[in-house]
Every structure is written in C-alpha cells, then in structure tokens.
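Take a look at the structure below.
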Amino acid sequence: MNRKSKPQTVGRRHIREDAEAKLKGRLRFLPDLRLDDMLHAAQLSSPLPHARILSLDLEAARALPGVVAVLGPEDIPGENRIGVIIDDQPLLAQGKVRYVGEPMAMVAAESAEAARAAVAAIGFELEELPAIFDLDQVEAQANEPIHEEGPIAVHQKLRKGSVERGFADADVVVEAELVTGLQEHYYLEPQGCIATPGESGGLVIHGSLQCPFYVQRDVSRATGLPQSRVRVIQTPTGGAFGGKEDIPSEFCARAAVLALATGRPVRLLLSRDEDFLSTSKRHPFRIRGRLGATKDGRFTAMEVYQDAEAGAYATLSPPVIYRACIQGAGPYDIPNVKVETRAWYTNQVPNGAFRGFGSPQACFGHERLVDLMAAELGMDPVEIRRINLLREGGETCTGHKLDESVGALETLERAAEASAKGAAEEEAHFEDGRWLFGTGHAAMIYGNCLGKAGWHMDGAGAYLQLHADGSVSCATGLTEFGQGARTVVQQMAAEALGIEPDQVSLMPVDTALVPDSGPTVASRNVVMSGNAILNAAAKLHERLAPLREELGDVSFRKLAGAAYKRNVNLAAEGWWHVPELDFDLKKGRGEAYFAYSFATQSARVAVDRITGNVRVLKVWAAHDVGCAVNPAGVEAQVEGGVAQGLGWALTERFAREGGNILARNLSTYHLPTAIEVPEIETIIVEEPHSQGPFGAKSLGEPVIIPTAAAIAAAVSEAVGAQVSEIPIRPEHVLELLERGGHDSNAL
Amino acid sequence: MNYSRPKTLGEAARALAVSGAIGLAGGTDLLVHLGRDEAWPPGLVDLKEIPELHGIRSQDGIIRIGAATPLSQILESPAIEDFPALGQALRSFAGRAIRNRATLGGNLANASPAADTLPPLMIHEAVCLTQHRRIAVADLAVAPGETMLRPGEIIVSVEIPLPPKDAQSFFVKLAPREAMAIAVVNLAGLIVQSDGEVVLARIALGSVAPTVIRAKEAEEILEGHTLTKDAISQASLAAAEAASPIDDIRATADYRRRMIARLLNWELGRYIPNT
Ligand SMILES: Cc1cc2nc3c(=O)[nH]c(=O)nc-3n(C[C@H](O)[C@H](O)[C@H](O)COP(=O)(O)OP(=O)(O)OC[C@H]3O[C@@H](n4cnc5c(N)ncnc54)[C@H](O)[C@@H]3O)c2cc1C
C-alpha cells in the first residue's frame, strides 16, 4: 500500500460534512418526504400488559370512510415473526399480548385521522393474565410464563481461575447490591418509515434507521419477497443511540405489508408519545458483587451477578448480556473472576440496544465495588485503580492476553491529574455550609465491534470509484445518525488515496448501492469502514503502480486521468472482517473481542445538603481511541455521551406503574438541559491498534460508559457514604448524607 | 373552530359568551393540551390585542401589570426591582422562549398548584382585576385547574402593592432540573423586622396542596417575636404541617414536606439579625 508516512487528513480537525445542511434546516428528514398517493398507517396497541387474545374483529373498522386496509396477524403474507437473534416476537400479536403497547392490528387510511378512527373501531376481547412487572417478580413466572421457554431470555457466564481461591487469598472482601434504572433514548426524531410498492413487484423502504440490512431481511421475512426485491434507503436520521438498530425493522415490516396489501405508499410515523410508550429502553440491572483484595490493594477475585430486565421479548438482550458479562469485572487484571449475567422476561416494553449495550450498567457495578474497596482499605481511589488496571502483557477477565494498545493506565493518569485541580472557580459561587464537594473516577474497558457472539456478521465492505479527475466516489454500508461518522469515513478515504477530503463523495446509504456491512452498532463504523476502505484503496494503488512508475512524480489527478485513458479498472471493492477469535462462549474464556478501547472519566460534583440535589461541576474524559481520526469529532462524541450519562445518573427518572409508563415526554422525563451539563474536558489518548485503520479503535459507546459511575463516586466522596443506585434520587442522597454524618441537621 | 382576535374587552366578552369558547393568551398551557388530550374548542378568543391587558404601570404605591404581558417583559421592567421574590420566580420560570410567550394572566387562570408566580404574588397580597371585580390572587384558584372566574370573565390586570421599604423577601424553586421544569416545591416568603422583632411575616407554598396556600400558622409563630433559630425551625415545621402534598411522578409527598421545612429554615435563617 502506498500510504504517506505522516497522515495528512487523519488526525486533523474537520467540520462535519452534514453540519451546514443541519444548521440551516435544509436536510429533509422522513416526515418531510411526501409521496403521491401516500396512505397513513396506525397501529392498534394492547391496553393490557399480559392477556390472551380471545377475539379480534376488523370488519367495523374496514367499513369506515377513508380506510383502505385493516390487517391482523392472519393477513401477513410471509412469517409473522421479527427478531434479530431469538425468534420470540410476532410482528402482530397472536394468541397473547405481552406488554402494554404491543401492536395487535394495523390500518392504512387516506389520512392520519381516518387511520386513528379505524384503530378505535377495531373490536377485540382480551382475557387478562397475571403479569410480571419488574425484577422483583421475575422468579414468580412459573405460574403463568410469559414465554413457554421459561423466564430467562439470555444467560451468559464468565469464569477465570477460581473465585473461591481468590477470596481465600484476600485480606479484605467487600460486597454490594446495586441498581441501575431504565433510560429512554430520546432521539430527536421519532421512528418513521415509508414503504412504497416498486415497479417490479418489489418494495422500496425509506426510513429513519441505523441498520438498513436488518430492515431488508425483516421486510423480506414478513412479506415473503426475496431480499433482493427489498430496497432500503436510509433517510437522514435524527438520532438513534441504538434505538433505531432493530426497532425500525418492525415498523418497516408493518408498513411493507400494508403497502403490498394496498398497492400504495404507506407511511408509518410515530408521535413522540407513541414512540416513548412503545419502543425499547436501556435494560435496568440488579447487580450483586464481591471484590477481594490484599492489604496493599491488589485484587484477588471479583464475583459479579447481573440480572437484567429484558421486557416482553428478547430483541437485543443477547448482545447486551454478552457485553455486560464480558466487561462485568472491568478493565482490571484479576486472576480469579466469575460473572453470571441473565436477562429476564417481564411484561414491559422490550428493552434493547442502547449506547453501550449493558456496559454502563456493568461499569457502574465494577466501579462501585472498586470504590468500596478503596474506602475499606483507606486507599486513594486513583491508586487502587493504578495498581490493578490492565497493562500490555496483562490478561483481561476472559483471559485474553493483550499484546498491544492498552491505554488504560494513561487514561487514568491523565484524568486524575487534570481533575486534581478541581473546579475551584465554580465552587467559589456556592453558599457556605450548604454544599459538599467531591471528585470521583471511573475506568472502563470496551470490546471493539461485535465480539465472538456476533463474529458471523462482523464484516464490512466499501466501494471506491476513482474518477478521471482524481476525485473519488465512496460507498460504505454503515450509516450516519448523528455520530459524525460520514466525515470520518470521508477523511479515511482521502487519506487512503492521498487526496483532500473534499475530493471524496460519499454515496447515500441505499441497499441497492452499498455493500452489506452488517449493523451500524457496537461503535464499529470507523474500524470496519476504515479497514474496508484501506483494502479497496490498496487495490487501486496496486493498479496505479505501473503508471506511477512510468510517469514519475505527477499529481494524483494526472495519474488518475492517465489511468482512465488506459482503461485501468478504477472501481475497487474492499472488504474487511474481524480476525477469528479464539473464545469459548460457554465458559466466557478467551478472545472475546479483537481489540479494546479504554477510558477513565473523572467528575466533580456539588451536593446540596438541604435538598439532596447534585450538580455536576466538571467532567474530565480521557479516552484511548487508538487514533483520533477527527479530534473535533472525538470531542463532540465525548460531550454528547457524557451529557447522556449524566442524565442517566441524575435526572432521567423513568416512572412506571404496573405495566404502564408514566413519563412520556420532556415535561415528565427530565433530560438534562444546558444548565445541568457542565464543562467537559476531553483528553485524547492514542495507543494505536495494529488492526485498526490508522490505529483507530471504537469510541461512540465508550463515551457514555463511565460517566454515571464517576458521578456516583463523586457524590459518594462528597457525602461520605456509598451511592448504590442510579438515577441518584435526592431522597437517596439525603439518606446517604445522614449515613455519612453530613446531614444539614436541619429538620 | 372559530378563532377571533377582539380589540376590546366588550368584544372579547361577547366572543367568550359562545358556549365552550376559550380565551387564549400565550398558549403555553392551552396549546399543549388542545388537539392532544383535549378536543379543540368551538371558539378560541385571542386576548393579546386588548390594550387594557398590556403594560406595566406604577402608581400610588401599587404596580399594575397587564394580564397579557409576556413574562420576559415583566422581568425586563425596572418595576420588578421592588419585588425580588417575583423576579426570582420569573427567572426560574421555564426558559426564555416560553417566557417570551407565557403571561401572568395565563399562569393565574391556569390555576396549577405548581404555578411559579403565585407564591410571590401571594406574599405581596396581590389582587387580580377582572371586568367586574377585584379578586385576591389567594382566592382565585379553588382546585387544581379551577378558578372562581365566571364564564366570560377576563383577568385584565394584576395589582401588587409595594411592600414596606424594609421588607425582605425570597422565592425558592425546587425542581428535577434547573430550567424547563415544573416545581416539586416552590415557596416564597416576606418578612419585615423592626426593633429586633418580626412585625410582618408572610409565607406561601406551592406544589404541596391542591392550590397554592399561605402558611398562616408559620407566619403567626414568627410575628411578634425575635427571629431566632428556634423560632425559624418551629415556623418551618408548622409550614410543612400546613401542606398536604401528594406522591407524583416528580417526587414523593414525604420528600416535599421535608423540603418545605428545610428550605424555609435555610432561607429564613439568612435574616437572623447579627447580634
Ligand atoms: C415548556 C413549558 C414550561 C413551563 N414552565 C413553567 C414554569 O416553570 N412555571 C410555571 O408556573 N408554569 C410553567 N409552564 C406553564 C405555562 O407556561 C404558564 O402557566 C403560563 O403562565 C401560562 O400563560 P399563557 O399566557 O401561555 O396561558 P394560555 O395557555 O394562553 O392560557 C392558560 C389558561 O388561562 C386562561 N387565560 C389566559 N389569559 C387569561 C386572562 N387574561 N383572563 C382569564 N383567563 C385567561 C386560558 O383561557 C387558559 O385556560 C410551562 C409550560 C411549558 C409549555
């Protein structure tokens, strides 16, 4: 490969290629798209959390004016099934409903009002069944199981050494019971799609989505059309955070079935409330853990039991559980580890993919244990992490020996050093006697891409078309939904060919134009697209090499022109897949992922002794990204992730009552505002990985993973007692203040 | 639906006489609900072009604020300097965009127990003026979302008497976040001390009862006595006792009650005379 020794474009700050259109409001999102003759879809949702469906009567609804189609489960031409991994979910409920909001029937009508009226006219009888609402009740499922297969949707184990021996070797053992809450993605643009019957009997789907090839497969399954007849075009997507990984497949499949039944384009668009009430959330976790260490702070054993609430269907619980388990004991070199992770069915909206896939929950677990140990030993929380963090040559908790790219320690040192200065300027404004201050740290490990469990779909492609003027068209199969991925992909393509980024045009993501590159999840876009592009670029360089030799030192533009005239093949296709992993899935032993990102975040907080309120004053986020392809993009990701983590830690209290969600929009679900989000200092650490493009590793999810744990640590330090649950409610803080002897003594 | 924009109070009253017609000011309460969880009414009568409902005037120790004056305009007015508690309430009210639309009349007529302008208006014993009569702000709301206004009755302005020169006042809002949030507890207090004694105490509590209430028992504990730590904690507990909060999506009743006591205790503590 002919790559310049010093990158020209990679590593420089770039303004996002979509920034201007977004800022000026020129980008057209799905709701802006109106096709001729378009119908409006609406869904009948179950009002009960668990019930047998005794009858469904669609006739009255079909007779209403403006109604074109009313379809039930029997009317689905293909399979009435959706689901990426475990086949437990119908497209329309059949026999039973398992959560409030589960779609039972669907309508296409001339207007949204007519569609809603038709939904209201559908007759049905339900026989209510006993329901299971949360992790407290899951063991009781034997009586009336949600699924015949049993109460546990997914179970993953990890074993290293012998924890019995490890605890016997320990001088001190600490244990904790921890709880993490639900979280709503709150992407700005709710779910939406349009299915249009195509000329040759196929379908074109436009949608706000992350994974066009998932949609293609599920639409094919529901309609019976071959995948090649289903063309999926991603519209500019207003945020996703995992919430548009598998979820759009179900809406697209329903719209597709309606489009085939009516022969007209059908739009299915969720209102904010509908979206909030019926789409996936972050899994709440119960974590029980024990950590053993010697007097001088060296960990001898960690044992963690994680129970997660899957909701009514498994959806993406398997990768969430896999990741939570593998990362359950954190970025530490511990000889004896046991982690056991289970996802339980409940009669709630299925919980699914959400930035981090169980890692923020896992991180809260291991980091709380580490802080407890530090407190127990009277040791500085930074020092105890320094002693135990993974180093090159060390072994992860799955026994994966790491030979390169371990930036864990450097992230710790840099975050600790920066945060040691505190946020003195801010603190001067706080009233005397009322506020307590604290700093906390949290470290994390993040396995890059899908890991062993998802290895079979961890490949990605790229097409490069070099034009006669030296510019390049580039098509990759991974998507942009706000991360700034397209800019980085553009930079990497430019770098690979030695041209300026403005000479690279990215194709829109359309399954007819781009290679199937698996899902855009697991922070894999940069690594996968980058490597596929490098692979394609190498082919181009190889084909250009003879001419380069012949023409000597000419510009790339001249070279391309000359090559064009000689009929050199200037279209190259690239492919990369994650190297084979030697991993035992049953025991959780071996190479779980091919590379790991590391980070440490530190947070400084002020705690109000009177109200129990917490204010975050500053966050320092040190991330080992291997290579910061676009440092401005790294900062933007860090800032967004920290804000989202702060919300999960403090303000986003997710209220439910039985099977009903009480909060449903921004007036009752409190996302942090610009006032709550403090200054965030990004510290970039680059420990390149030999398999990463330009050394780059994953970043998109790591940014949220340690935030809540760092805030919890900071609050714990301030109040003198350990936080055990998030969101950290003021009521909980008041109890902790009392326990820590720091109550305001005021009434 | 019929939308009208009357220019006079008389026209507005006639338009509102149509059964089911509703008055519209900033729309920040109304338009959130209409077409969503409430049906559109037969008539929407926009009150914003009636001159009497605008402006801020100061006269004879009374300040009069037109009911349709946007909150941000009130905040910018120099007249607000005499009412620091009201200023504080307005600053913590929603965010700038909402304050540019929302009005005082709307906040009063909406009769939310969490309305942020009510506690400060009540410690100043403000009065609303309608076409027909004067109603103490404290009497206006009778239940959550319900007022004693008759059909067609419009709040024209709100009169706030200037407090005694040496009055000290405060407003505190506790909410799930610092902006764009409805209060878990909001409260306002006013005290006047003379010769080492509290001669006037007024305390109003929001979000902790079906309507915003005055904590009379607490006021009585303070009045006629020196402001001491003891008196303050007694009064604060009495105020908490006067509340009848509920558990809701934002906080528990128990937490609300504790917060009344603790916040009042802290705020009043600032005014203990230096000895
Ligand atoms: C995002 C958001 C944030 C908010 N934050 C806060 C907050 O922090 N604190 C708070 O207290 N409130 C808050 N609110 C509620 C609302 O903004 C206030 O209650 C506001 O003062 C209502 O005024 P308006 O002019 O918009 O009333 P409108 O919505 O126009 O009217 C409300 C009601 O009052 C009646 N009405 C209006 N004017 C008159 C009049 N002159 N005479 C008789 N009846 C009248 C209307 O008929 C209607 O029934 C918030 C609302 C939103 C949407």
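Listed by chain and number, the lysines whose C-alpha is less than 17 Å from the C-alpha of A:LYS539, apart from same-chain residues fewer than 8 away, are A:LYS4.
Computed on the Cα atoms alone, the convex hull of chain B gives a volume of 126 cubic angstrom per residue.
With each label modelled as a point 7 angstrom along the Cα→C-beta vector, the A:LYS421-B:ARG57 pair spans 5.7 nm. Take the Cα radius of gyration of region A:237-330 and divide it by 2.2 N^0.38 Å, N being the number of residues; the result is 1.65. Sorting A:321-328, A:543-550 by average packing, meaning the other beta carbons within 10 Å per residue, from highest down gives A:321-328, A:543-550. When DSSP beta bridges are restricted to pairs lying wholly in the protein assembly as shown, around 80% turn out antiparallel. Taking every residue in B:232-240 and counting other chain Cβ atoms within 10 Å of its Cβ, the average works out to 1. Calculated [222 nm] ellipticity per residue, helices only, for chain B: -8500 deg cm²/dmol; basis is -39500 (n - 2.57) per DSSP H run with n ≥ 4, divided by all residues, nearest 500. Counting only residues at least eight positions apart within a chain, or on another chain, the aspartates and glutamates with an alpha carbon under 15 Å from that of A:LYS157 are A:GLU303, A:ASP307, A:GLU340, A:ASP584, A:GLU591. Averaged over residues, the count of other Cβ atoms within 10 Å places the peptides A:451-461, B:21-31, B:247-257, A:329-339 in the sequence A:329-339, A:451-461, B:21-31, B:247-257, highest first. Taking Cα atoms only, the orientation of helix B:229-242 departs from the longest principal axis of chain B by about 40 degrees.
Placing dummy labels 7 Å off each Cα toward the beta-carbon, the span from A:ILE85 to A:ALA140 is 2.8 nm. When you restrict to C-alpha pairs under 8 Å that are six or more residues apart and normalise by the size of region B:168-269, the relative contact order lands at 22 percent. Against the main long axis of the alpha-carbon atoms of chain B, helix B:253-269 sits at an angle near 60°. Here's the picture: charge each Lys and Arg Cβ at +1 and each Asp and Glu Cβ at -1 in the protein assembly as shown, and of B:ILE182, A:GLY72, A:ALA696 the one pushed furthest to the positive end of that dipole is A:ALA696. A helix-only calculation puts chain A at -8500 deg cm²/dmol for mean residue ellipticity at 222 nm, using -39500 (n - 2.57) for each DSSP H run of at least four residues, averaged over all residues. Listed cross-link partners A:LYS421/A:LYS697; A:LYS421/A:LYS618; A:LYS160/A:LYS452 are compared with a 21 Å cut-off, the Cα-Cα value being larger for A:LYS421/A:LYS697.
How much net charge surrounds A:LYS697 when only the other residues with a Cβ under 13 Å from the Cβ of A:LYS697 are counted, with Lys and Arg +1 and Asp and Glu -1? That works out to -4. Here is the tail figure for region A:522-625: Cα pairs spaced more than 15 Å apart come to 78 percent of all pairs.
Residues B:TRP40, A:TRP648, B:TRP266, A:TRP344 in ascending order of nearby Cβ atoms (within 10 Å, fewest first): B:TRP40, B:TRP266, A:TRP344, A:TRP648.
For the listed peptides B:143-152, A:679-688, a ranking on the average number of other beta carbons within 10 Å per residue, highest first, reads A:679-688, B:143-152.
Excluding same-chain neighbours fewer than eight residues apart, the lysines reachable from B:LYS216 by a Cα-Cα span under 26 Å are B:LYS165, B:LYS173, B:LYS229.
Extending 7 Å from the Cα toward the beta-carbon at both A:GLU110 and A:ARG434 defines two label points whose distance is 6.2 nm. Fewest neighbouring Cβ atoms within 10 Å first, the residues A:LEU48, A:LEU91 line up as A:LEU48, A:LEU91. Note on region B:168-269: with charges restricted to the Cβ of Lys and Arg (+1) and Asp and Glu (-1), its dipole about the Cα centre is near 420 debye.
Counts of other chain beta carbons within 10 angstrom of each beta carbon in peptide B:255-268 average 4. Each semi-axis of the equivalent ellipsoid for the protein assembly as shown is √(5λ) with λ an eigenvalue of the Cα gyration tensor; in descending order they amount to 51, 38, 29 Å. Altogether, the Stokes-Einstein calculation at 20 °C and 1.002 mPa s, with the Kirkwood radius of region A:459-577 over Cα pairs as Rh, returns a diffusion coefficient of 150 µm²/s. Region B:2-161 gives an Rg/Rh value of 0.94, both radii derived from C-alpha positions and Rh following Kirkwood. Distances between every pair of Cα atoms in region B:168-269, grouped in 5 Å steps from 0 to the bin holding the largest one, split as 2, 14, 26, 25, 16, 9, 5, 2, 0, 0 percent.
For the residues of B:168-178, the average number of beta carbons from a partner chain within 10 Å of their own beta carbon is 4. Were the residues from A:VAL568 through A:GLU542 laid out at 0.36 nm apart, the gain over their Cα-Cα distance would be 8.3 nm.
Each value in this text was obtained by applying a stated rule to the coordinates, not by laboratory testing. The structure presented is a predicted model; accordingly, all values stated were derived computationally and were not measured. Positions of Cβ are generated from backbone atoms using ideal geometry, with glycine treated the same way; all protein chains shown enter the neighbour counts.
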